[in-house]
Structure formats: structure tokens, C-alpha cells
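Notes follow the structure.
The values are calculated or read from the model by the stated rules, or taken from the named source; none is laboratory data. In this text the structure is predicted, and so the values were computed from the model without any measurement. Don't worry about glycine lacking a Cβ; one is built from the backbone with ideal geometry, like all the others, and counts go over all protein chains shown. Ligands, DNA and RNA are excluded from the accessible area calculation, which covers all protein heavy atoms including side chains. Shrake-Rupley method; radii C 1.70, N 1.55, O 1.52, S 1.80 Å.
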Amino acid sequence: MVLMICPSLMCADFGNLEQEVKLLEAAGSDIFHVDIMDGRFVPNFGMGLQDFDVIRKTTTKLVDVHLMIEQPGDYVAFFADKGADIIYFHPEADTHPTRTIDKIRQKKKGVGIAINPGTSIEVVRELLPLIDYLMVMTVNPGFAGQSYLASVTDKLRRLTEIKHQHNWTFHLMVDGAISEEKIRELNPLGVEGFVLGTSTLFNQAEAYAEIIQRLKK
Ligand code: DX5
Ligand code: ZN
């Protein structure tokens, strides 16, 4: 089963962001995850644009942006031109999600949607054949260090079922309070990508390389 490690860099040591990215890349990270927030869609402000620039210039690995912002379609070109490889937006915050998907496609970037714990599969069903990544929030978005919402696990099971029924190709990802134990539980359910913050990767006793190599075993 594919297992992608996606460090959530809002949890990194901002005094040494460049060094953190280099260590995490050397440790075997697959996609760097950059949380962008507007204080409206979520009651918080994530990483800054300068942080994104530092990450982008430091690594050749994939870098995503997780747009937790209102009307994300207005910022697709902005982040695509800054060098984001994958653009995740929340359909809950977008009047015309299929138009936003087209905008990302036109910029030749990976198309991702992120859905909140309370958003049902039915609400986004029409988008599922159109995307490359589906990121299922396992916490209410906006903050690191929260607890995993157990009710989401069944949604992940059902998403894998419907994906296989229709031969859709999106990668199923999770974001929020993902521990090592959750990775072991969810990977066999079809979850391929894991955004990791304070529950597994950051503020731990072990080095990034030790953690990531163990997770990938
Ligand atoms: C929350 C962000 C997550 C978060 C993950 O809104 O999207 O990426 O930073 O951090 P943990 O793993 O601590 O929940
Ligand atoms: Zn995120």
C-alpha cells in the first residue's frame, strides 16, 4: 500500500525553517504541507507567504498548499505561480468548486480538495472524479495539536469503497492528529497520504529520520 509522509510545516521550528526542511527531506518526506489560513474560513492564521518561499527554494520535493480560506478560486494563480505543486481547497468555502478545479488544471498543478469532518461524501460526490487528491480532515481545521475525530474513520472506509466502485484515481489523504497508531490503522483502509504534525513528527524525542523510516516500514 502506498504510504506518503507529508510534514505539516506549521508545526516546524520557525527559527530554523530552512534547516527543518532539509532534515525532513533527507529523512524521506514525500510532500511538504503548507497551511494557509485567512482568519475567516478558520479562526486562525497559518503560515506566511515568506515561509512558503523559504520552503519552495529549499526543496525539490512536492510542496502543497492547504488553502483554508474563503473563495480559494481567487488565489489559485497566486499560489501556482509561487510554485505550489498541489493546491488543496475546501469546497465548503467555494461558490464554484468546479471552476476552481479548472483553474488549478489550467496551471498544470495537482488538484486537491480538503473536506471538513462534518462534510459528507454526497456533498462532494460530483468533484471526486475530477481531482487528484482528496484530503479528509480528521480534526476541525485551523489548529495543530487537536484530537482525532473518530467519527471520520467510517467516512474513510466509505470513500475507499466508492473510489474502487467507480475506478476513480484520487489519492486519499488525512490531515489532523495523525499518530503512528492511526497510520497503521488507516493505511490498510486505503489512506495513502498522512499529514503529520505534533502527534507523530514534531516535538518528539526521536530524529525525523528515525521516525519516518519506522513509519515507512
Ligand atoms: C490543521 C492543519 C494540520 C495540522 C496538523 O488545520 O491543517 O495540517 O497542522 O497538525 P497535527 O498533526 O498536530 O494535528
Ligand atoms: Zn493542513
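Here are the numbers:
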read-out	value
Output for segment 45-65, where each listed residue is in contact (Cβ under 8 Å) with a residue 12 or more places away in the chain, within 15 Å of ligand 2 (Cβ to nearest atom) and open to solvent by 40 Å² or more (accessible area, probe 1.4 Å)	62
Residue, farthest from residue 39 (Cα to Cα), within segment 66-82, restricted to residues that are open to solvent by 10 Å² or more (accessible area, probe 1.4 Å) and of a type in the set (Phe, Trp, Tyr)	78
Qualifying positions in segment 144-153 - open to solvent by 70 Å² or more (accessible area, probe 1.4 Å) and either modelled with pLDDT under 95 or more than 16 Å from ligand 2 (Cβ to nearest atom) (or both)	150, 151
Positions within segment 158-189 being touching a residue at least 60 places away in the same chain (Cβ under 8 Å), away from ligand 1 (no atom under 11 Å from the Cβ) and either crowded, with 21+ Cβ neighbours inside 10 Å or closer than 24 Å to residue 89 by Cα (or both), in sequence order	171, 183, 187
Test: residue 134 is over 27 Å from residue 163 (Cα atoms), touching a residue at least 12 places away in the same chain (Cβ under 8 Å), open to solvent by less than 10 Å² (accessible area, probe 1.4 Å) and touching a Lys or Arg at 6+ places or on another chain (Cβ under 9 Å)	no
Any hit, segment 87-110, residues being at positive phi, within 16 Å of ligand 1 (Cβ to nearest atom) and surrounded by fewer than 20 Cβ atoms within 10 Å (Cβ to Cβ)	no
Test: residue in segment 153-175 that is out of contact with any strand residue (DSSP E or B) (no Cβ under 6 Å at 6 or more places or on another chain), under 24 Å from residue 39 (Cα atoms) and part of a loop (DSSP other than H, G, I, E, B)	no
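Let's see how each residue does on (1) farther than 16 Å from residue 175 by Cα; (2) within 17 Å of the chain's Cα centre (by Cα); (3) of a type in the set (Phe, Trp, Tyr):
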{"site": "14", "(1), (2), (3)": "yes, no, yes"}
{"site": "20", "(1), (2), (3)": "yes, no, no"}
{"site": "26", "(1), (2), (3)": "yes, no, no"}
{"site": "34", "(1), (2), (3)": "no, yes, no"}
{"site": "45", "(1), (2), (3)": "yes, yes, yes"}
{"site": "57", "(1), (2), (3)": "yes, no, no"}
{"site": "74", "(1), (2), (3)": "yes, no, no"}
